[in-house]
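Presented below is the structure to which this report refers.
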Amino acid sequence: MKFHSKIILYFLISILSPSILITAVMYIGSAHIMNKKMDELVEKNLSSVRLLVQQRLEFINELTTLISMNPLIQEVLSTSPGEDTSSIMAQIIKLDHALDSYYISNYYASTSSPIVPVIHLIDRPQYKHYDISDRVRDISVLENKAWYLEATQKSSAIITDTQTDFVIITRKLYDLQKVDTARYAALLTVSLDYSFFTQLLNVYRPTPNSKLLICDSNQHIVSSGGNLSDNEISYLETTFPNLPAAPSRLNLDGSPVIMAAEPLQNADWTIVIITALDDINASQNTLTGIVIVLIIICMGAALFTALLLSRNLSRPILALVNSMHTIGDGNFTIDIQYNKNDEFQYLIKQYNKMISRIRQLIDELYISEANKQKAELKSKEMQLKALQAQINPHFLYNTLDSINHYAIKYEVPQICNMINALSDFFRYSLSRGNSIITLEEEIRHTGAYLELQSIRHGPNLTYNLRIPGNLRRIRIVKLTLQPLVENAVLHGYSAQKHQLEIIITAHCKTDKLVISVCDNGAGCDAKKLNDMLASDDSNSSSSDSFAIRNVHQRLLNTFGKEYGLYYLNNPQGGLTVEINIPLENKPYHTEDSHD
């Protein structure tokens, strides 16, 4: 497989594998969470509607109880029926007015069905001749109803009238004037349309296609929120006694559903809920579809990116491979052009340099024999010069030692002292020691220089070295003091004052060592010198200040920017230069290990 094909394959695998894994985990996790939440929602809605229906029925039951205890109604029930028209009408009107306070047109604002209580009196056939109230009637109007016999068997009952699609709530009214001989005097009925319960059920359906229904003990559907299919009705009829109380998953009409049932406590009814899982999974399926579309888009973007990346990576590699094939055929004149600023640019640039170097080496193999001999002679000449450079310092030391021997022999101490000082000075300058030395060595070299200058100038130059012994092991940059002392000697003499005195001292200041070179010479503007040292422009100073700039720059490079030289004007005249170096032995930056 080619390189660019591998890049595309690996790139797609790195995108596709985690995308599929994340999608699967999201789908399974969300499905589990949604199923759990749906079970909880089904149970909650089922319990809520059960409690609500029980509450409504309990309210009506309490309402009928209050009606049965109403004083006006008890007064009429305990009074014998009148014979004349006026007394009969008065009783009907009194009962109708008593029922006015129990008429409810919009029960709890959750249903539109009114609650209308109706009293059916017993043994008062003359009431049926007076049609002045719809709520006061003779019992004979109920005797042909299919549910009437069931209503008379209980003091109160909840009956479903399948012929009229009404729920009939009944209560027997007794003449309570004599409690021990309470007489059954009337039957109170409250008729509720099935829609009264349907409106309640529709509020608590978990999904728009869910079915929430009320069944009586005869498996008759009292009310239903949603239309049931034939298979659902058949399933309810066959498994009604064993309907699951907890949410259970079934397969009805070829689709999975959740079903649960709960009985009412104050009525022989059962509330059943059926919810299609397709409705629950609709949101999840939508989300899954969106995720799949996003994965496809990401895969397309990843494929495009992989193609672009493989092209950018394989193009320079293929150029290198083709170049290597060309070089294998003996052609070293190829030069790969690559203008992008990346790692391949560096690689190809170095490759071109390597090819150029190989071509150059091959060309050098064909140099004429004369040029080769000339190069060999030149090499031998350079080796001879290097050998002489090693011999010359030793020849100089030996010559100085010979002159010193004759000075001692002929008792000329000035020449002896001068030769020793000059020998020490050159031995220090020509040595190949480290560029970082001890202050002791730097003082010794500077002392040799001052000794030579004092012999030259005689009594016009005096010097004093006041360096405590405990500070002489501190390390310093080589050739720091001698250029400063030389600068003081060159520029310190004045026409008015011929005697020059140089004093070198050292002291500690916090974490620094301060070495002072003080003279009483002609002096100079210290501020001008300090500004010159602080300036980054090396062309701003004259050639006379090259030495001090060199010393200052080497101190900065070695120990850091907080160290270096600083000039002061002496009150009595002359100039003082302070050398600031750290007390610790480790330098900030190590120069070249050799001079």
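The values are calculated or read from the model by the stated rules, or taken from the named source; none is laboratory data. Since the structure is predicted, the reported quantities are computational estimates derived from the model, not experimental observations. All Cβ positions, even for glycine, are placed from backbone atoms using ideal geometry, and neighbour counts span all protein chains on display.
Worth pointing out:
- Near pairs, Cβ below 6 angstrom, 6+ apart or cross-chain, from region 50-77 (closer than 14 Å to W269 by Cα and in contact (Cβ under 8 Å) with a residue 12 or more places away in the chain) to any residue that is acidic (D, E) and surrounded by 14 or more Cβ atoms within 10 Å (Cβ to Cβ): R50/E262
- All positions within region 348-358 that are farther than 13 Å from R315 by Cβ and either in contact (Cβ under 8 Å) with a residue 60 or more places away in the chain or of a type in the set (A, V, I, L, M, F, W, C) (or both): M354, I355, I358
- Residues in region 219-244 that are exposed (fewer than 14 other Cβ atoms within 10 Å of the Cβ) and in contact with a helix residue (DSSP H, G or I) (Cβ under 9 Å, 6 or more places away or on another chain): Q219 only.
- If you filter region 288-325 down to residues that are β-branched (V, I, T) and touching a Ser or Thr at 6+ places or on another chain (Cβ under 9 Å), you find that the one that is nearest to N352 (Cα to Cα) is I295.
- Pair list, Cβ under 6 Å, 6 or more apart: region 234-253 residue in contact (Cβ under 8 Å) with a residue 60 or more places away in the chain, other residue of a type in the set (A, V, I, L, M, F, W, C): P247/V42; P247/I258; P247/A260
- Residues within region 556-573 that are modelled with pLDDT under 90 and in contact with a strand residue (DSSP E or B) (Cβ under 7 Å, 6 or more places away or on another chain), tallied: 3
- Single unsatisfied condition, I88 versus (1) more than 22 Å from Q177 (Cα to Cα); (2) at pLDDT below 85: (1)
- Every test in (1) within 30 Å of P81 (Cα to Cα); (2) surrounded by 19 or more Cβ atoms within 10 Å (Cβ to Cβ) is passed by R183 save one, and that test is (2).
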